[in-house]
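Below is one structure, written out as structure tokens; the observations come after it.
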Amino acid sequence: MAVDEPSSPAARSAAPALAAPIGVDASGAEMSLFALSGPGLALRGPGADAVARAVLASDLATGVHDSPAVRPVVVTTPNTLARLLPDGAALTGLDPHGVTFDGERLIVLADTGAVTHAEEDMIGRRRLLDTLDTLDADTITDLNTRDDHIEHQPPYVLLIDNTPRHGGRVAAVAAHCAALHLHPVVLGAVTLITDTGPVTTGMRTGSYAALALLAAHPHGRTLAQISADLRPDTDPGTAAKRIRTDINTVRRVLRAATGAAKAKFVLYDPVTGRYRIDPTASRSTCGGCSPRSVRPTPPPTTPPP
């Protein structure tokens with residue numbers, strides 16, 4: 001017989017008050033994975049697996065005592081999950097009572113299967129919004145706030161390793177993050193994919209970092225903000241020069257890769273002093289749309305200014 005109540009007050013208190021908390025912002029307030037700006041979260045470096053483990057635990061602990069519409073679903077792969085769990089760990093403790101494996105909230109599929117699952121869920125959610133357009137809901141979050149239907153959709157998290165083979169497909173899913181409540185969490189280095197294939201040479205480490213940061217802030221960042229985010233321990237004048245070099249490298253490499261000799265790719269607005277990625281040069285839609293010249297994989301997301 002199913003029991004909805006937790007076995008003890010301690011079990012109930014284990015659920016986080018904020019949905020999927022992943023850290024704190026500059027003011028010390030907790031931040032939710034589902035409230036980050038940008039199309040997703042990318043993790044790289046020695047601490048990436050530890051952070052991914054914390055994100056996984058946070059997602060699965062969210063909403064365990066609430067209705068299914070607010071319980072996140074996590075889709076991942078065997079290889080990714082094996083790295084995140086301790087050696088020999090049994091798949092237990094994922095339900096409200098800590099005794100059984102809840103396969104409805106953690107779905108483990110092969111790499112291609114996981115990406116395909118996310119694509120199918122993306123298409124299904126978009127069709128649902130289109131079908132229920134009379135409800136005046138532009139996003140899944142809007143739809144979930146209404147009580148005059150039974151089509152509530154839970155937050156969806158794709159936790160997967162970054163590979164050139166699937167980068168473009170994951171980026172297409174990430175483009176609908178806000179509207180469809182789809183949240184890619186990608187482990188591994190940021191990569192760029194153009195219509196002619198992945199960019200494998202010519203990019204500086206700082207160029208990837210600058211491009212990823214700008215992708216997380218579609219309205220742009222000033223040179224001072226980029227310097228503070230990427231080179232906080234460097235002299236401001238030196239940091240500014242290096243970041244300009246990094247941005248110019250992005251333009252040079254992408255021009256060579258795409259054949260678009262006059263494209264800027266990274267725009268500068270002299271009025272606001274902000275750099276931003278040219279939205280006409282990056283892929284922001286999916287399905288049967290015409291591909292643009294550059295498709296960045298989901299970038300690292302930093303707290304908003």
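Taken together, the values in this text are just the output of simple stated rules run on the coordinates, not laboratory data. Bear in mind that the values here come from a model prediction, so they are computed numbers and not experimental data. Cβ atoms come from the backbone with ideal geometry, glycine included; neighbour counts cover every protein chain shown.
A few points about this structure:
- Label point at residue 120 placed 7 Å out along Cα→Cβ; residues across the range 53-87 whose backbone nitrogen lies under 16 Å: 74-77
- Span from the the range 128-151 Cα centroid across to the the range 223-281 one, whole angstrom: 39
- Extension gain, residue 228 back to residue 148 (0.36 nm per residue minus Cα-Cα distance, nm): 24.1 nm
- Each residue of the range 26-37 is assigned a 3J(HN,Hα), and the resulting list reads 4, 8, x, 7, 5, 10, 9, 4, 7, 10, 5, 6 Hz, derived from the Karplus form 6.51 cos²θ - 1.76 cosθ + 1.60 (θ = phi - 60°), x at Gly and Pro.
- Placing a pseudo-label 7 Å from each Cα along the Cα-to-Cβ vector at residue 268 and residue 141 gives an inter-label distance of 3.4 nm.
- Square roots of 5 times each gyration tensor eigenvalue, C-alpha, the range 129-267, largest first, Å: 35, 19, 14
- Rounded to the nearest angstrom and listed largest first, the equivalent-ellipsoid semi-axes of the range 28-189 from its Cα gyration tensor are 25, 19, 15.
- With both labels modelled 7 Å from their Cα along Cα-to-Cβ, the residue 25 to residue 69 distance reads 2.6 nm.
- Global geometry of the range 134-196, whether rounded, prolate or oblate, following the gyration tensor of its Cα atoms and the 1.5 cut on a/c: prolate
- Cut-off under 5 Å, modelled amide H: who pairs with residue 106 long-range: 74
- Residues whose placed amide H lies under 5 Å from that of residue 161, excluding near-sequence neighbours: 187
- Interchain or long-range residues, amide H under 5 Å from residue 222's placed H: 275
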